[in-house]
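Report on the structure given below.
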Amino acid sequence: MKIQALAPRLYAPLLAVHLTLLVAEPAHVLTWSYVLVLAVLGFTLVLAVRRVRLSVAHNRPLWAMLLAALLSQATAFALLFADSLANPEGTLVAFDPTFYFCVSSLLLTLAAAYEPVAPAYRWAGAVDAVLATLIALMFYGLVRTLVAGAQAHPDNARSLMWMFDGMALFVAMFATLRLLGTRRRDERRFYVVLSAFAWIELLAPAAHNRFILSSESYVPELLLSLPFALVGLMMSRRRDDWLRGYRPSPRMRHFAGAVSPFVLSVALCLLAFGYLRTQPGMAVVALIAGTASYALRASLLLGRHLASEDELKRLHQDLRRAALRDDLTQLLNRRGFYRVFDHEWERARRQRTPLAVAMVDIDSFKAFNDTYGHLAGDQCLASVARALAGEADAMPGVTLARAGGEEFVVLMVGHAPSAAGAALERLRQRVEALRILHVRGVAGFVTVSAGIASTTLSAYADAESMLSAADAALYEAKRAGRNQVAWAAAPNTKAMS
């Protein structure tokens, strides 16, 4: 039988037997009641072990802490069972069981604070763990003081009850806060179980404690078994996701992440006030620890956020550079060139400075690819690009980009037609000097042709029309025999002087 179907069939008879026993009130009824509580809790432990084994690796510590909390409660009830053998009528509260109930609350708080992510957050989680441990220890110290004076001061019983209610409420609210800020589906499954268990652990024992103070009936003892049965039923379910319709908003996630450490620090500071009269030194230390730990945690997270912000800026810059660069040649791509060209066009128009642009194309490149293959073609493109870039870098005001395919574009800022023509001729000669074998090319080597346009020689309506003029001049150079430079408009002596 599958565990999902077995769980209700096992819990129902155990709870029914427990209720019948409490109604009948046989001899040693408390002893038998604790036996049935331990039986219910024992099966819940089996389900918790199964859940630890089936959970994904990064969630395993969460389920393991819940399992440890259940084991701590099992230890407490085992001690209560031993106490009932010697005291059949029951005692107000035993010392050792109280310690293990506190340990259980500590483990539930640690589960709610656990963050299995980046190192900085793990350090913050370690600070939270220290806070939770201090809270549990100080709470236990106050409980121990009340238990020691319970016989002399009967009102201590009610104070003790309210203290346990307060601790349970703290755990329940902390677990719920973590649930509201969780967006991973597998983690949400755990925090739904943790929150449900924490709230049941608040309500059922609170009702039990009030009933036993106002009634002689043993029926309220059934409330001790109910939390373990209900959480066991939840762990036996095969549902992949709980609260499927819920997705935390960014505001809720930020709120939950910001408030969680604050809640722990405030809880520790509030407990410190309980020691001001009896142990003022410890109270001061706890107050300092509460405030200092919050500051330390905030500093750790602030440092992490600043580092993340710097990393995001660097990645953004890298992405921007990648978006404007050609992968093969590492030159500016068409998009990057247009950004520079549009800016320089507007500046040249305002300041009336000369501007020249040239289109450069590798001659007979399709024939090169057909002869030597596309891999050799890419190597040829990369070699030509390096040669052109090496020459262009030595010229002030010259920007080189890959326009696409085997075409390149050269922008020359502040160059008069004569200087622009000379610069472009040096680029052409630099490629010719590579002597890249091309049996179907001009003179048996890879060469380039170029067309150039200048604002000094002709008036252009916009940058696009100027680039089109240079492209038309490139085709003139191709028709004239390749491996040469052609002008979009014939330079005159006056303009070039």
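Values for this structure:
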item	result
Among the candidates Ser418, Ser449, residue that is surrounded by 14 or more Cβ atoms within 10 Å (Cβ to Cβ), of a type in the set (Ser, Thr, Tyr) and part of a helix (DSSP H, G or I)	Ser418
Test: residue in the range 259-280 that is surrounded by 13 or more Cβ atoms within 10 Å (Cβ to Cβ) and either under 30 Å from Phe43 (Cβ atoms) or among the charged types (D, E, K, R) (or both)	no
Complete set of residues in the range 204-218 that are aliphatic (A, V, I, L, M) and crowded, with 17+ Cβ neighbours inside 10 Å	Ala204, Ala206, Ile212
Residue match in the range 270-292 (condition: farther than 30 Å from Gly390 by Cβ, modelled with pLDDT of 75 or more, in the same structural domain as Ser465 (by TED's automatic domain parsing) and not in a helix (DSSP H, G or I))	no
Residues satisfying the stated conditions in the range 327-380, i.e. of a type in the set (D, E, K, R) and touching an Asp or Glu at 6+ places or on another chain (Cβ under 7 Å)	Asp361
Residue list for the range 421-445, filter: assigned to a loop (DSSP other than H, G, I, E, B) and surrounded by 14 or more Cβ atoms within 10 Å (Cβ to Cβ)	Leu434, Ile436, His438, Gly441
Entirely in the range 294-403, the helices (runs of 4 or more DSSP H) that have 1 or more residues that are aliphatic (A, V, I, L, M) and either surrounded by 15 or more Cβ atoms within 10 Å (Cβ to Cβ) or without any contact (Cβ under 8 Å) to a residue 40 or more places away in the chain (or both)	334-351, 374-393
In the range 184-240, the residues that are polar (S, T, N, Q) and not in a helix (DSSP H, G or I)	Ser215, Ser217, Ser225
Residues (over 44 Å from the mean Cα position of the chain (by Cα) and among the hydroxyl-bearing types (Ser, Thr, Tyr)) located in the range 29-55	Thr31, Ser33, Tyr34
Yes/no for Ala469 being touching a strand residue (DSSP E or B) at 6+ places or on another chain (Cβ under 6 Å), outside any strand (DSSP E or B), assigned by TED's automatic domain parsing to the domain that holds Ala348 and modelled with pLDDT of 90 or more	yes
First in the range 205-218 and in the same structural domain as Arg158 (by TED's automatic domain parsing), second anywhere and not in a helix (DSSP H, G or I), Cβ under 8 Å, 6 or more apart	Phe211/Ser217; Tyr218/Glu25
Among (1) under 53 Å from the mean Cα position of the chain (by Cα); (2) among the aliphatic types (A, V, I, L, M); (3) more than 23 Å from Thr329 (Cβ to Cβ); (4) surrounded by 15 or more Cβ atoms within 10 Å (Cβ to Cβ), the one test that Leu411 misses	(3)
Filtered residues of the range 350-371 (kept if under 19 Å from Ile452 (Cβ atoms), out of contact with any Lys or Arg (no Cβ under 7 Å at 6 or more places or on another chain) and of a type outside the set (A, V, I, L, M, F, W, C))	Thr353, Pro354, Asp361
Search result, residues across the range 24-45 that are at negative phi and either modelled with pLDDT under 90 or of a type outside the set (A, V, I, L, M, F, W, C) (or both)	Ala24, Pro26, Ala27, Val29, Leu30, Thr31, Ser33, Tyr34, Gly42, Thr44
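The values are calculated or read from the model by the stated rules, or taken from the named source; none is laboratory data. No experiment lies behind these values; they were computed from the predicted model shown. Cβ coordinates were reconstructed from backbone atoms using ideal geometry, including for glycine residues, and neighbour counts include every protein chain displayed.
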